[in-house]
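Notes follow once the structure below has been shown.
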Amino acid sequence: MGRMSLFRDDGIVLRTQKLGEADRIITLLTRRHGRVRAVARGVRRTKSKFGARLEPFTHVDVQFFVRGGELVGRGLPLCTQSETIAPYGSPIVADYDRYTAGTAMLETAERFTDHEGEPAVQQYLLLVGALRTLAAGDHDPRLVLDAFLLRSLAVNGYAPSFDDCAKCGMTGPNRFFSVGAGGVVCGECRVPGSVVPSREALELLGALLGGDWETADACESRHCREGSGLVAAYLQWHLERGLRSLRFVEK
């Protein structure tokens, strides 16, 4: 008999996949173990209360059973117990704008944690906070999504500049924006393909990155749409391909 271990962690359910007739593979972003995939047996049965706790967007406390001493190894661990910490899914799935924004958040979190078992505490905390804000409905879902995308880029080392020149550091405001250069650039550092967004859109993105919701909430819709386009282009550049779910977000 090999060694058997129990692990406990809290996490957000990112997605689920069918396995056999009654089981599912659950992908979670956890606090201490990063992204984890585990098998949850019997959760697709109609009367399974266990399965209802393991739906996307749900914040759960989970117990894993694994053969060996590591949670992420050769085989998938078993998810043997779960308790709901916060059911963010209920208010999110009831509203189309929240649902599409939330789905893009889950995909982003999974893309930025592509190595299973590696802790990603900042990304985890960002996702929990973003889903909590999205479920509360205090801000436009598109703004919450853009704030999450910008902060996810920042914690993964790709923070864009919206004021000082991203190349030479020249004090802003600067007019030109280049995804490849890392944000706004001055006239001397301008590169081919740079665009000239409105100052309002750049101020909005700076506010979202810095958590200034008073400024963000007061922004006109046309500048919000412009800012969202810049965020999507910047994200696609650094992920090397776009998010599938982002196309369903209404801009």
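The values are calculated or read from the model by the stated rules, or taken from the named source; none is laboratory data. These figures come from a predicted structure and were not determined experimentally. FYI the Cβ positions are ideal-geometry reconstructions off the backbone, even for glycines, and counts take in every protein chain you see. For the accessible areas, the whole protein counts, side chains as well, though only heavy atoms, and no ligand, DNA or RNA atoms are used. Shrake-Rupley method; radii C 1.70, N 1.55, O 1.52, S 1.80 Å.
Taking 78, 145, 29 as the candidate residues, the one with maximal mean-square fluctuation in a Gaussian network model of the chain, Cα springs under 10 Å, is 78. Hydrodynamic analysis of the range 191-247 uses the Kirkwood radius over alpha carbon pairs. Inserted into Stokes-Einstein at 4 °C and 1.567 mPa s, it gives a translational diffusion coefficient of 106 µm²/s. Farthest towards the positive end of the charge dipole of the range 139-250, among the residues 172, 237, 160, is the Cα of 237, using unit charges on the Cβ of Lys, Arg, Asp and Glu. Sparsely packed loop sites in the range 182-248 (the trypsin sites (Lys or Arg not before Pro) outside DSSP H, G, I, E and B with at most 15 other Cβ atoms within 10 Å) comprise 241, 244. Solvent-accessible area per residue in the range 1-130 equals 50 Å², computed with a 1.4 angstrom probe and all protein chains kept. Normalised size of the chain, defined as Cα radius of gyration per 2.2 N^0.38 Å with N residues, equals 1.12. Each other residue within a Cβ distance under 14 Å of residue 194 adds +1 if Lys or Arg and -1 if Asp or Glu, for a net charge of +2.
At a Förster radius of 25 Å, what calculated FRET efficiency corresponds to the Cβ-Cβ distance of residue 188 and residue 220, to the nearest 0.05? The pair residue 188/residue 220 has a calculated efficiency of 0.20. Between residue 15 and residue 118, the modelled labels are 1.9 nm apart [label points 7 Å from Cα along Cα→Cβ]. Of all alpha-carbon pairs in the range 139-250, indicate the percentage at a distance above 15 angstrom. Value for the range 139-250: 61 percent of Cα pairs lie more than 15 Å apart. Scanning residues 5 or more positions from residue 10 or on other chains, those with amide H under 5 Å from its amide H are 31, 32, 62, with H placed 1.01 Å from N in the peptide plane. A dipole drawn for the range 88-129 from +1 and -1 charges on Cβ atoms has a positive end, and of 105, 123, 88 the residue lying farthest that way is 88. In a DSSP loop and with at most 14 other Cβ atoms within 10 Å, the GluC sites (Glu not before Pro) in the range 195-251 are 220, 240, 250.
Taken about its Cα centre, the range 139-250 carries a charge dipole of about 500 debye when Lys and Arg each add +1 at the Cβ and Asp and Glu each add -1 at the Cβ.
Largest mean-square fluctuation among 109, 22, 86, in a Gaussian network model of the chain whose springs join Cα atoms under 10 Å apart, belongs to 22. Helices assigned as whole DSSP H runs in the chain whose Cα atoms extend at least 15 Å along their own long axis and whose mean Kyte-Doolittle hydropathy is -0.5 or higher are found at 121-136, 141-155, 199-210, 221-239. When +1 charges are put on Lys and Arg Cβ atoms and -1 charges on Asp and Glu Cβ atoms, the dipole computed for the chain relative to its Cα centre reaches about 1280 debye.
Restricting the calculation to Cα atoms, every distinct pair contributes to the Kirkwood radius of the range 33-143, found to be 15.1 Å.
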